[in-house]
Amino acid sequence: MSRLEGRVAIVTGAAQGIGAGISRVLAGQGAKVMLTDISEKVEATAEEIRREGFHAEYFLMDVTNAEQVESVVKGVIEGHGRVDVLVNNAGIYPRKRLVEMPEEFLMRMFDVNVFGMFRCARAVLPSMRERRYGKIVNISSVTGPMVGSPAGGQTAYASTKSAVQGFTVGLALEVAQYGINVNSVMPGYIYSPSAFGTRGSGDAEDADEAMREFGLRIPMCRQGTPEDVGNVVLFLASDESSYITGTYIVVDGGNILQEEFLGPYEPK
Ligand SMILES: NC(=O)c1ccc[n+]([C@@H]2O[C@H](COP(=O)([O-])OP(=O)(O)OC[C@H]3O[C@@H](n4cnc5c(N)ncnc54)[C@H](O)[C@@H]3O)[C@@H](O)[C@H]2O)c1
């Protein structure tokens, strides 16, 4: 029996990277997954999942556009009768030092990474409350709530991800009595085209090599995959986590545990 048989899940930022991985894992466990993104690539990602024999639909949806969010959620509820799972994954992480940071940069980071989650949750909550069932999973990061990059340029990003933790706790308390769970996942270094991509050559082998090399800095000797995050989201979206709310799970191969770096690490 698939763990999410027949459940309806909306994933934001699902065209590529972690959002695409989450969508694949949820669909593979029987969920009807609604992939949403601002990028048109989301159509091809949904098509790939369908080719594997699972249920995937796509919607162009910008999480900074409240009307669009409301209208997509309304369409999903009309089409499928409900939304069981919302995965707030869409996020951006350009780096900029505070002294060089234009106001628009700061506002955009919060608009996508934080307020986007508010808009999506607000849109799905009335129907979840009515059905007394719902799972909201917010993709945060270890960056901000737990660690920072010595290279700098992450004050805005780190602040948005810390805000996601506050949002998770505050909302979890607001909706617990309606049978709705709200949790977050804090990924460490996960392979995605934006985070690592290729070295500019567009060559997939280069990307694999960059990922392998980077993995040697992580105690578990490898970089994370979008599916590593997807498997944790699966748990938080399933009934196996029904008594867990307002908390977080770190998915980072042990990376933030290090007080000092003794790598490079090789499998033993
Ligand atoms: N990759 C990592 O190492 C890592 C680590 C920790 C946390 N995260 C978080 O995971 C999430 C996904 O990251 P990723 O690495 O897969 O990034 P990515 O850039 O590969 O994918 C993000 C997706 O979000 C979409 N998106 C951007 N702005 C949007 C908007 N306004 N509305 C809707 N969609 C939008 C993009 O088009 C893209 O498809 C982000 O929230 C990120 O902060 C990533």
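The values are calculated or read from the model by the stated rules, or taken from the named source; none is laboratory data. This is a predicted model, so every value here is computed, not measured. In this analysis, Cβ positions are derived from the backbone assuming ideal geometry, glycine residues included, and neighbour counts consider all displayed protein chains. The accessibility values were calculated without ligands, DNA or RNA, using every heavy atom of the protein model including side chains. Shrake-Rupley method; radii C 1.70, N 1.55, O 1.52, S 1.80 Å.
Among the residues of the range 12-28, write down those that are more than 17 Å from residue 141 (Cβ to Cβ) and not polar (S, T, N, Q).
Within the range 12-28, 14, 15, 20, 24, 25, 26, 27, 28 qualify.
Could you please find all residues in the range 223-263 being open to solvent by 100 Å² or more (accessible area, probe 1.4 Å) and more than 20 Å from the chain's Cα centre (by Cα)?
Matches in the range 223-263: 243, 257, 259, 260, 261, 262.
Only one of these is under 19 Å from residue 224 (Cα atoms) and crowded, with 16+ Cβ neighbours inside 10 Å: 46, 9, 56, 15. Name it.
The unique qualifying residue is 15.
So in the range 49-59, with the set limited to residues that are in contact with a strand residue (DSSP E or B) (Cβ under 8 Å, 6 or more places away or on another chain) and part of a helix (DSSP H, G or I), which one is farthest from the ligand (Cβ to nearest atom)?
Looking at the filtered set, the residue picked out is 50.
Residue 135 fails exactly one of the following numbered conditions: (1) closer than 24 Å to residue 258 by Cα; (2) away from the ligand (no atom under 15 Å from the Cβ); (3) under 16 Å from the mean Cα position of the chain (by Cα). What is the number of that condition?
Unmet for residue 135, out of (1) closer than 24 Å to residue 258 by Cα; (2) away from the ligand (no atom under 15 Å from the Cβ); (3) under 16 Å from the mean Cα position of the chain (by Cα): (1).
The rows are residues; the columns are (1) surrounded by fewer than 17 Cβ atoms within 10 Å (Cβ to Cβ); (2) out of contact with any Cys (no Cβ under 9 Å at 6 or more places or on another chain); (3) not in a helix (DSSP H, G or I).
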site: 86; (1), (2), (3): no, no, yes
site: 130; (1), (2), (3): yes, yes, no
site: 152; (1), (2), (3): yes, yes, yes
site: 166; (1), (2), (3): yes, yes, no
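Of 21, 79, which residue is more than 22 Å from residue 163 (Cβ to Cβ) and away from the ligand (no atom under 16 Å from the Cβ)?
79
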